[in-house]
Structures are given as structure tokens and as C-alpha cells.
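Presented below is the structure to which this report refers.
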Amino acid sequence: MRCSIPGLFALFLLFVSACGGIATIDPPTHSELFPDEGTEQAEGPLIPAAMVSASASHEQAYFIIELSNAGSLTGPYDGWCVDADHTIDHGFFPANLHSTYAATPPNIVEKPENFGAVNYLVNTYDPGTLVDLGSHHEPVTVPDIQVAIWTLVEGGLDDVNLDLVEWSPQRVEVMLEDTMTSGPGFVPGCGQNLVILAAPITNLDSVDHNDTQSVILELPLTTLSCQ
């Protein structure tokens, strides 16, 4: 199954469990979530070798993502597709969780430099947010936001299934124009959400996950010690 919006009420669950049994995982620090410009996270991903199983919701986001055995990060999150070139059909797979303001693995998306813009987008637009189309206003939908994310990180929609319900090129264009104008330099603060990348790890469990899709989730900064 490649990226596509499922029908209304379709529900995918994404479960993450730490490899090697349950262990205490401290909350990520502010410096781990937002390292100094030009530096990488000293200790690698926020949570290494989580086990992930995926599918999604059509209510408030493309995915409902459930993290389990993830210490203080355990719980449900809104999530989105960022990798239109791969599928989610392998069941459980190992993945590292990365802050999108730290170094992320190469070759996950076409334009990782736009992750900051994705953070602006998901913090500015929710399903139902009204956008100005000139003669009138219309509420954006989950598919509108998903198509905007694909456009930002994949650099185009050639590999995307656009047979989606309730998405509008006009609404997407308005969101993207605002995001590319106001998004550069955006950093979420307390009460906002930080986009986290879940990147599959190949061959960790003797299964080839080269065709497994990466996803992102929205982590509320109110759950952490934010600044």
C-alpha cells in the first residue's frame, strides 16, 4: 500500500516498542530536540530501534500513531506520510525516532531541508482551519494538509496516489504560499508540536525493510521540558 488517504473511519495503529525488552527512557532534553545549528545529536536518534507497526486515521491526521514502551513519549499522536516512494505493509518493523531539527538519515525524503516548513505547516493548519480563497473562505481538510506535506518534502506529487477525497489544489496552494513565506526559521515552542521522524532500520531483525515507509508524528512540547 502506497501513501493514500484511507476511507472515513478507517484506522491504522502504529505501535512502537523498544528492542531488547522494556527499559526506562528519559524524556528528550531541549538540546536533543533542538541542537545548535549545524550540529548533530551527540547520541544519535532520540529513541533507537523502536518496533513500529503502521496504519492510519482520517479524522484529525493521516495517521494515528501509538508509541508504546517509549518512556515518557508513550501514547497516541497525530501523524503523516512523508515517504511516497515506499510502502507500509511489513507489519512490525524497527525504526529510529529523530527530531526534525537534528540531523536525519539521508535518502528518506527528497527535501529534508523543508522539515522546518513542515513544522510550521502542522502548527498553523488543522483540519477545519479556514483559508482565504479570495472570494470566500474554505476549511482545509486532512487530505489538503497531507498533499501540502508531500509537496514540501518530496518536491512534487509524481509518486503520490492523488485519488483522495476532499482535497483542493486551491486550498493547498494557499497553505504552501503562506508556509514558504512565513515558515523559514520557524521553531515550535511550548504548547506547540514538534515533528518527529520515524525512520525504518534495515536488516535489524533479519528482515529487509528497504521498502518500508518512513512516517512523521506530532509530539506536543507540553509533554516535555520545553523552553
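The values are calculated or read from the model by the stated rules, or taken from the named source; none is laboratory data. Keep in mind that what you see is a predicted model, and the values were worked out from it rather than measured. Reconstructed Cβ throughout: ideal geometry from the backbone, glycine too, with neighbour counts over all protein chains shown.
Quick rundown of the values:
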| quantity | calculated |
| --- | --- |
| Unmet requirement for residue 122, which otherwise passes all of (1) modelled with pLDDT of 90 or more; (2) touching a helix residue (DSSP H, G or I) at 6+ places or on another chain (Cβ under 6 Å); (3) within 25 Å of residue 107 (Cα to Cα) | (2) |
| Residue ranges of strands (runs of 3 or more DSSP E) in segment 21-117 with at least 2 members at pLDDT below 75 and either within 27 Å of residue 184 (Cα to Cα) or over 15 Å from the mean Cα position of the chain (by Cα) (or both) | 47-53, 93-99 |
| Close pairs from segment 122-141: first at negative phi, partner surrounded by fewer than 15 Cβ atoms within 10 Å (Cβ to Cβ) and assigned to a loop (DSSP other than H, G, I, E, B), Cβ under 9 Å, at least 6 apart | 126/60; 127/59; 127/60; 139/128; 140/126; 140/128; 141/128; 141/165 |
| Qualifying residue in segment 124-131 (condition: under 18 Å from the mean Cα position of the chain (by Cα), surrounded by 15 or more Cβ atoms within 10 Å (Cβ to Cβ) and within 30 Å of residue 103 (Cβ to Cβ)) | yes |
| Leading residue by the ranking (modelled with the lowest pLDDT) among those in segment 185-227 that are among the β-branched types (Val, Ile, Thr) and within 22 Å of residue 152 (Cα to Cα) | 212 |
| Inter-residue pairs, beta-carbon under 7 Å, first surrounded by 12 or more Cβ atoms within 10 Å (Cβ to Cβ) and in segment 171-191, second among the aromatic types (Phe, Trp, Tyr) and part of a helix (DSSP H, G or I), 6+ apart | 179/120; 182/120; 183/120; 186/120 |
| Residue count for segment 118-131, restricted to those that are in a helix (DSSP H, G or I) and under 14 Å from residue 147 (Cα atoms) | 3 |
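Here is a yes/no grid of residues against (1) among the hydrophobic types (A, V, I, L, M, F, W, C); (2) at pLDDT 95 or above:
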residue: 146; (1), (2): no, no
residue: 150; (1), (2): yes, no
residue: 155; (1), (2): no, no
residue: 164; (1), (2): yes, no
residue: 167; (1), (2): yes, no
residue: 170; (1), (2): no, yes
residue: 173; (1), (2): no, yes
residue: 177; (1), (2): no, yes
residue: 183; (1), (2): no, no
